[in-house]
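Single-structure report; data block below.
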Amino acid sequence: MTIETSTPVINDVRQELHLTTPIPGPMSIELQKRRVDAVSAGVGATLPIFVTKAAGGIVVDVDGNSLIDMGSGIAVTSVGNSATEVVERVIAQVQNFTHTCFMVTQYEGYVEVCEALNRLTPGQHAKRSALFNTGAEAVENAVKVARAYTQRQAVVVFEHAYHGRTNLTMGMTAKVMPYKHSFGPFAPEIYRMPLSYPAHDGLSGAEAAAIAISRMDKEIGAENIAAIVIEPIAGEGGFIVPALGFLPALVKYANDAKAVFIADEVQTGFCRTGNWFASEHEGIVPDLIVTAKGIAGGLPLAGVTGRAEIMDSVHAGGLGGTYGGNPLSCAAALGSIATMEKENLIAKALHIESVMVPRLTEIADESGVIADVRGRGAMIAVEIVNHATRKPDSALTGAIAKYCHAHGVIVLTAGTYGNVLRFLPPLVISDDLLNQALDIIAAGFAELAHSDH
Ligand code: PLZ
């Protein structure tokens, strides 16, 4: 008797790693030529492949290769690509109307998304929300709201921060390459403070906060601060989880200073870290919370949610945009949120952590080049150092990422020093795919950790 173990299929996509050509294959290489001739060289790409279909934990390319998705399009498709309820609601919406502009004639979907945001974000206080298209746009609007409410100008941000690529958010972002180089001048009144980075500074949360607070007092003055803006886990900066106590101390400082505490949860939000929002891990209640990415299953949507008195302090007409909260994105968000609730994707994120962290810790012990395994939920990373010098090793990190890509695993890098390999799988990924991805990552470390990659 043979036992058949059937591979699950989602939306006609078999949940199985399967390479039919080298990566990239001939069809992708052809498309890449057109891409180079048509698309600005300023737009990068992690893998030189072109996608035709994706579902669950698999991305299929034009050559028929099925790759394991450990990136979710940078933490966006948490519910999986083309998740059933997202697709159904978007189809229904696209058949009814595609756009009216919420600032001209309104529709229920926008209100419903705001109600969901007000309900799901931390804190029981009265809240209001406003919708935008991108994370960067929402961060900018959160700063606008904070400045209008406080009638102050200074914006505090942190080392390793990433907040976007628009002018204000470039100024708020820490890393020069590739985000800021040659794009200045940047907006004034942005002050950068040291971030708690336990693997590097060895400080407790309270100690790291005391340093930042003393500098805010001396360099800005509490009474001049409009907003303190921080990612509860620094995303592009390398999945840096601040030491416990750091975030609560900053919230207390902001409250005492009557400044607005803004959590940028663009990457950490919507079940990614094993809670609806990463702020919840330390029980902090931001005054404003910025969301995007995972909110709408892949359609462009972003939000700012916060205390009613702050959100309502802006003059009528002061916030908006042609497409902000467009009906298709709102339909997608409602489908995405419903999926997270029905499928308990918070529990799935915690499960992913429980599979990944022990295995990555093993790989760290075996390879000797991983200085830190960190993150929460399905937002996990390893920080890679040279085995001899213990210095950040971006070349090795790049080589391991390339190894994973060549073997059919989509992984991303991150970090101020380019030495962080980060994992953001769709929360619906199967254990088989997750374990297979980890096998390939382990093999990459085994082959490259001590080589001249
Ligand atoms: N805030 C915390 O992570 C987007 C950027 C990728 P947008 N991160 C991915 C890249 O190289 O452009 C992000 C984020 C945090 C804000 C943003 C900006 O969100 O939707 O890309 O504007």
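The values are calculated or read from the model by the stated rules, or taken from the named source; none is laboratory data. Just so it is clear, the structure is predicted and the values come from calculations on it, not from any experiment. We place every Cβ from the backbone using ideal geometry, glycine too, and count neighbours over all the protein chains shown. Each accessible area value is taken on the protein alone, full model and side chains, heavy atoms only, with ligands, DNA and RNA left out. Shrake-Rupley method; radii C 1.70, N 1.55, O 1.52, S 1.80 Å.
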If I ask for residues that are more than 16 Å from the ligand (Cβ to nearest atom) and touching a helix residue (DSSP H, G or I) at 6+ places or on another chain (Cβ under 7 Å), which ones from the range 114-135 would you list? ALA116, PRO122, ALA126, LYS127, ARG128, SER129
Take GLY335 and decide whether it is at negative phi and either in contact (Cβ under 8 Å) with a residue 60 or more places away in the chain or open to solvent by 20 Å² or more (accessible area, probe 1.4 Å) (or both). yes
Consider ASN344 against the criteria (1) in contact (Cβ under 8 Å) with a residue 60 or more places away in the chain; (2) open to solvent by 60 Å² or more (accessible area, probe 1.4 Å): it satisfies all of them except one. Which criterion is unmet? (1)
Evaluate the following for ALA146: is it within 16 Å of the ligand (Cβ to nearest atom), modelled with pLDDT of 95 or more, open to solvent by less than 40 Å² (accessible area, probe 1.4 Å) and of a type outside the set (S, T, N, Q)? yes
From the set of residues in the range 221-252 that are more than 16 Å from the ligand (Cβ to nearest atom), open to solvent by less than 20 Å² (accessible area, probe 1.4 Å) and out of contact with any helix residue (DSSP H, G or I) (no Cβ under 8 Å at 6 or more places or on another chain), which is farthest from VAL145 (Cα to Cα)? GLY221
Pull out all pairs, ordered by first then second residue, where Cβ-Cβ is under 7 Å, the residues are six or more apart or on different chains, the first lies in the range 179-207 and is on the phi > 0 side of the Ramachandran plot, and the second is within 16 Å of the ligand (Cβ to nearest atom). GLU189/VAL155
Candidate set: the range 253-280, residues that are open to solvent by 10 Å² or more (accessible area, probe 1.4 Å) and out of contact with any strand residue (DSSP E or B) (no Cβ under 9 Å at 6 or more places or on another chain); chosen: the one farthest from GLY306 (Cα to Cα): ASP256
Has the range 172-188 got at least one residue that is surrounded by 22 or more Cβ atoms within 10 Å (Cβ to Cβ) and outside any loop (DSSP other than H, G, I, E, B)? yes
Count, please, the residues in the range 220-256 that happen to be in contact (Cβ under 8 Å) with a residue 40 or more places away in the chain, part of a helix (DSSP H, G or I) and of a type in the set (A, V, I, L, M, F, W, C). 4
Could you count how many residues in the range 273-301 are among the aliphatic types (A, V, I, L, M) and closer than 22 Å to HIS99 by Cα? 5
Top-ranked residue of the range 281-318 - restricted to ones that are more than 17 Å from ALA116 (Cβ to Cβ) and among the aliphatic types (A, V, I, L, M), ranked as surrounded by the fewest Cβ atoms within 10 Å (Cβ to Cβ): ALA316
